[in-house]
Ligand code: T5A
């Protein structure tokens with residue numbers, strides 16, 4: 001599959017990216033509801049995970065200590081899960097003409113393992129080409145929020161739900177700042193694919209900006 005370009009599709013592939021607590025899950029649901037109201041039938045999916053085999057790999061990744069794996073092992077596991085996810089879930093949906101809304105994709109490996117864990121962008125890009133060729137989203141929305149605000153949101157949610165901290169939330173502030181800078185760098189390097197949105201705003205304001213960007217970038221008239 002190396003170097004193979006994706007098949008022609010009529011569906012659209014949109015990814016939402018950002019650091020911890022940026023609001024991706026919240027915004028994907030709002031976008032899906034909006035698209036459904038407009039007559040589309042989008043699927044919502046997520047990474048790591050999104051297909052039966054990829055969910056098995058997710059359980060290895062999201063459980064346990066943050067230093068359970070070498071950073072390169074983590075990158076390899078994320079790409080192994082991603083290959084399953086793309087082949088089993090994303091490509092079939094796109095080929096069937098459906099829109100795919102994905103909570104995190106390959107930019108998260110660039111940001112977390114490449115920038116956060118210092119593997120470097122080039123190593124992750126090389127891995128991407130090896131595993132997925134030139135397959136990329138049609139549009140990537142990067143939800144940008146100051147580190148302390150994003151972490152405060154996730155901690156409030158955990159207190160409200162009584163859930164435990166995500167393993168990456170335990171990393172130091174320098175790590176989270178590298179993530180934020182990494183996502184902004186990805187956006188600068190890929191202006192045709194990526195749009196940065198200020199995620200510190202009210203959820204409805206963020207949603208309205210995402211709707212506008214989807215309409216403009218994908219050249220679709222959305223009610
Ligand atoms: N990872 C992933 C890698 O290291 N490498 C990779 O290649 C990939 C793909 C996945 C972890 O794996 C790492 C990154 C992650 O650490 P996960 O469990 O899937 O972990 O969790 P996350 O993707 O980090 O998602 P979260 O659920 O933690 O955050 P979201 O989805 O960005 O935020 P959301 O919508 O759940 O909102 C968080 C809280 O804030 C509130 C919400 O109600 C919620 O309580 N909120 C707002 N509050 C105020 N104003 C707004 N605008 C708000 N929007 C949301």
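Every number in this text was worked out from the coordinates using simple rules, so none of it is lab data. Model, not experiment: these values are computed from the prediction. With ideal geometry, Cβ positions are generated from the backbone for all residues, glycine too; neighbour counts draw on all protein chains shown.
For the chain, the spherically averaged projection of the C-alpha convex hull amounts to 11.6 nm². Across all Cα atoms of segment 34-101, the radius of gyration (one decimal) and Dmax (whole number) stand at 14.4, 45 Å. Modelled label positions at residue 130 and residue 29, each set 7 Å beyond Cα in the direction of Cβ, lie 3.8 nm from each other. Considering only 39, 50, 19, the Gaussian network model of the chain with Cα springs below 10 Å gives its largest mean-square fluctuation to 39.
Run through the DSSP bridge list for the chain and note the antiparallel percent, rounded to the nearest 5. Among the beta bridges of the chain, antiparallel pairing accounts for roughly 0 percent. Using the rule -39500 (n - 2.57) for each DSSP H run of four or more residues, divided by the residues of the chain, the 222 nm mean residue ellipticity is -15000 deg cm²/dmol.
Convex hull volume of the Cα atoms in segment 129-176, per residue, in Å³?
Roughly 145 Å³ of hull volume per residue.
Given R₀ = 35 Å, what would the calculated FRET efficiency be for residue 222 paired with residue 67, taking r from the Cβ atoms and rounding to 0.05? The pair residue 222/residue 67 has a calculated efficiency of 0.20. Take each peptide in 75-85, 211-221, count the other Cβ atoms within 10 Å of every residue, and average; sorted highest first, the result is 75-85, 211-221.
Based on C-alpha pairs under 8 angstrom that are at least 6 apart in sequence, segment 4-222 has a relative contact order of 31 percent.
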